[in-house]
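Participant: A single structure is presented below for examination.
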Amino acid sequence: MGLKQIDHGTKEYQQMVHLRNQILRQPLGLSFTKEELEKEKDNILIGAFDEDDMLGCCMLTKLDEHTLQVRQMAVNNNLQGKGIGAAIMAYAENVSRDKGFKKLVMHARNTAIGFYEKFGFRVKGGEFTEVNLPHHVMEKNI
């Protein structure tokens, strides 16, 4: 498995959109708008690959000069629990640190809180609803 940053609009980016749609949106009856995808141009886009096949992905969105938000973390359903998400998180943290950021934050689905706690993220604040699911803000200083 290889991890790399990918460019918006490329073949790899199209795989990323497809995977995120399949894992994160379709089960909720949602899809991406053209405007949502256009806003991703300035994000750091990360993919995990086996040859040319995307196994998992996430995005990092700049909130301020010190903080990035981890967004749209997704791993192929049949590959979850095999360390791909952990590798993506480690890579995302390293990329963030290398670019001079000091903190990572996210809106974590309640079902994923335990996963992110393994990497040192801590819940901050109360529960809220996003994409019709309960979430919590989580953060980690890096």
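Only the coordinates and a few stated rules stand behind these numbers; no lab work does. Given the structure is predicted, the values throughout are model-derived calculations rather than measurements. All Cβ positions, glycine included, derive from the backbone under ideal geometry; neighbour counts span all protein chains shown.
Participant: Contour minus end-to-end for SER31 and LYS82, with contour as 0.36 nm per residue of separation and end-to-end as the Cα-Cα distance?
Facilitator: Stretched fully, the SER31-LYS82 segment lengthens by 15.7 nm.
Participant: Moving on. Can you tell me the length gained on complete extension of the stretch ASP42 to ILE113, counting 0.36 nm per residue apart and subtracting the Cα distance?
Facilitator: Here the answer is 22.9 nm.
Participant: Let me know the volume per residue of the alpha-carbon convex hull for the chain, in Å³.
Facilitator: Hull volume normalised by residue count: 109 Å³.
Participant: Just want the answer: with Cβ charges of +1 for Lys and Arg and -1 for Asp and Glu, which residue in MET16, PRO134, MET59 is farthest toward the dipole's positive end in the stretch 2-141?
Facilitator: Most positive-ward Cα: PRO134.
Participant: Once phi is turned into θ = phi - 60°, what whole-Hz ³J(HN,Hα) does the Karplus curve with 6.51, -1.76 and 1.60 give for every residue of the stretch 46-58, x standing for Gly and Pro?
Facilitator: So the Karplus estimates, Gly and Pro as x, are 10, x, 10, 10, 10, 6, 9, 8, 6, 9, x, 6, 7 Hz.
Participant: Looking only at the stretch 65-91, which residues have a backbone nitrogen under 12 Å from a spot 7 Å from the Cα of GLU130 in the C-beta direction?
Facilitator: Those under the cut-off are 69-73.
Participant: Please report how many Lys pairs in the stretch 2-141 have alpha carbons closer than 14 angstrom, counting only residues at least 8 apart along the chain or sitting on separate chains.
Facilitator: Final tally of qualifying lysine pairs is 10.
Participant: Using alpha-carbon pairs under 8 Å, 6+ residues apart, how would you state the relative contact order of the chain in percent?
Facilitator: Across the chain, relative contact order equals 19 percent.
Participant: Sticking with this structure for a sec: Using each residue's phi in the stretch 77-85, evaluate 6.51 cos²θ - 1.76 cosθ + 1.60 at θ = phi - 60° and report the 3J(HN,Hα) Karplus result to the nearest Hz, with x for Gly and Pro.
Facilitator: Each residue of the stretch 77-85 in turn: 3, 6, 10, 5, x, 10, x, 5, x Hz.
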